[in-house]
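Report on the following structure.
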Amino acid sequence: MMNSFRACFLLLSGLQGAWTTADASVAAAAAPAQVSIRFRDQSFVEGEKIRLGDIARILAGGEHAVAELETLEVAKSAGFGLTRLLDTDVLFARFLQPYAGRFVFDYDHKTIRISTKAGKLPADSLARLVEAFVADMPKRSGEVRHWEIARAPAEIMVPVSPYSLELSFSGSKRKGKVDMNLSIRNESRILRNIPITINLRVEEPVLVAKTQIERDMPLNADNVAVEMRETTQMNEIAVGNPRKLIGFLAKVTINPGRIITPRVVAMPPAVKRGQEAKIVYRTGGVSVTADAVCRQDGLPGQIITAKSLVSQRLVRVRVTEDGWLEPVPGG
């Protein structure tokens with residue numbers, strides 16, 4: 001009988017020991033893991049997102065915990081070439097506090113600097129971009145252009161991640177000192193705009209008075225000739241084919257050597273007040289047209305006001321030789 005009692009006691013003692021060990025294992029598994037985070041004073045990132053692993057060294061017991069925390073997105077980066085400051089207490093409150101049930105954090109309490117990496121645009125890249133843009137501008141037959149960069153940053157910073165460059169007009173001028181905008185963008189949005197100014201000289205065939213032409217005198221081969229002249233400083237844009245002016249009457253007295261433009265010739269306007277015309281919007285290689293009503297008469301090259309029938313707004317447009325309308329930036 002004593003042997004039976006002793007056997008039962010030993011069995012119960014063994015079960016109790018097993019339960020105690022199991023409870024300890026469960027408790028150990030449920031206890032939050034200790035995680036130590038050491039933030040770097042200065043970090044560098046490439047993209048628009050900042051992950052914890054980019055700015056700190058994470059010490060933890062398990063590889064899965066480290067991998068999970070390292071990929072945790074904790075902030076947006078500053079623009080490329082710029083630096084932002086990040087308070088680690090704010091970071092903890094916003095992004096690490098939700099993990100408090102799984103981890104016990106020990107981290108640095110300080111403000112850290114995070115810079116976004118940038119590269120430099122090669123010196124000849126801007127020149128090639130301007131050259132292509134100028135070559136793609138609409139031009140009349142025989143027109144010759146010469147350009148140089150008048151104003152641009154000495155160094156243009158660009159992202160180290162994939163990007164593209166786009167040039168566009170930022171003013172209404174198309175020759176002389178032309179203001180432009182250089183956009184640096186990624187796949188989804190514009191990252192930075194940089195103002196650029198170029199000097200654009202234009203030479204083109206124009207009609208020139210060989211002798212003095214009195215008012216109401218017709219233009220003919222005896223008193224005019226087509227010559228190649230620089231028209232950079234001319235506010236008026238000459239007709240694409242200057243010979244089209246021959247046969248019209250002079251509206252004013254024209255001195256020898258003067259370039260003859262539509263303004264000094266009694267020729268009909270390309271568009272008239274109240275006339276419907278097409279506004280042509282060009283973006284890259286794509287053209288979109290919209291109906292509009294002219295609010296003024298307009299000769300080729302003149303800037304007039306037209307009312308868009310799509311938006312019902314007044315816009316400033318430039319009249320082309322064919323009677324089309326081109327929107328003027330800022331109009």
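Nothing in this text is a laboratory measurement; each read-out follows from the coordinates by a stated rule. None of these values were measured; they are calculated from a predicted model. Glycine gets a Cβ as well: all are built from the backbone with ideal geometry, and neighbour counts include every protein chain shown.
Listed by chain and number, the aspartates and glutamates whose alpha-carbon sits under 18 Å from that of K210, ignoring those within fewer than 8 places in the same chain, are D222, E227, E230. What the phi angles of region 152-164 give under the Karplus curve with 6.51, -1.76 and 1.60, with θ = phi - 60°, is a coupling list of 6, x, 4, 10, 10, 7, 9, x, 7, 7, x, 8, 9 Hz, glycine and proline written as x.
Shape of region 280-322 from its Cα gyration tensor (a ≥ b ≥ c, root eigenvalues): rounded if a/c is under 1.5, otherwise prolate when a/b > b/c, or oblate? Don't jump to the answer; show the numbers that get you there.
Values: a/c = 2.31, a/b = 1.16, b/c = 1.99.
Because a/c hits 1.5 or more and a/b fails to exceed b/c, region 280-322 counts as oblate.
The list [x] 26.8; [y] 22.7; [z] 23.3 gives values of Kirkwood radius over Cα pairs in Å, and only one came from this structure; which label was calculated from it? The value computed from this structure is option [x]. For the pair T211 and K49, the difference between a 0.36 nm per residue extended length and the Cα-Cα distance amounts to 51.3 nm. For the chain, adding -39500 (n - 2.57) for each run of n ≥ 4 DSSP H residues and dividing by the number of residues yields -5500 deg cm²/dmol at 222 nm. The long axis of helix 123-136 is offset from the longest Cα principal axis of the chain by roughly 50 degrees. Lys and Arg at +1, Asp and Glu at -1: add these up for the other residues within a Cβ distance under 14 Å of R38 and post the number. Net local charge, R38 excluded: -2.
If both residues of a DSSP beta bridge must be in region 24-116, then about 55% of such bridges are antiparallel. For I156, nonlocal amide neighbours, meaning residues 5 or more places apart or on other chains whose placed amide H falls under 5 Å from its own, are L121.
Listing T320, T197 from fewest to most neighbouring C-beta atoms within 10 Å gives T197, T320. Listed by chain and number, the lysines placed with their C-alpha closer than 24 angstrom to that of K49 are K76, K110, K117, K120; residues fewer than eight positions away on the same chain are left out.
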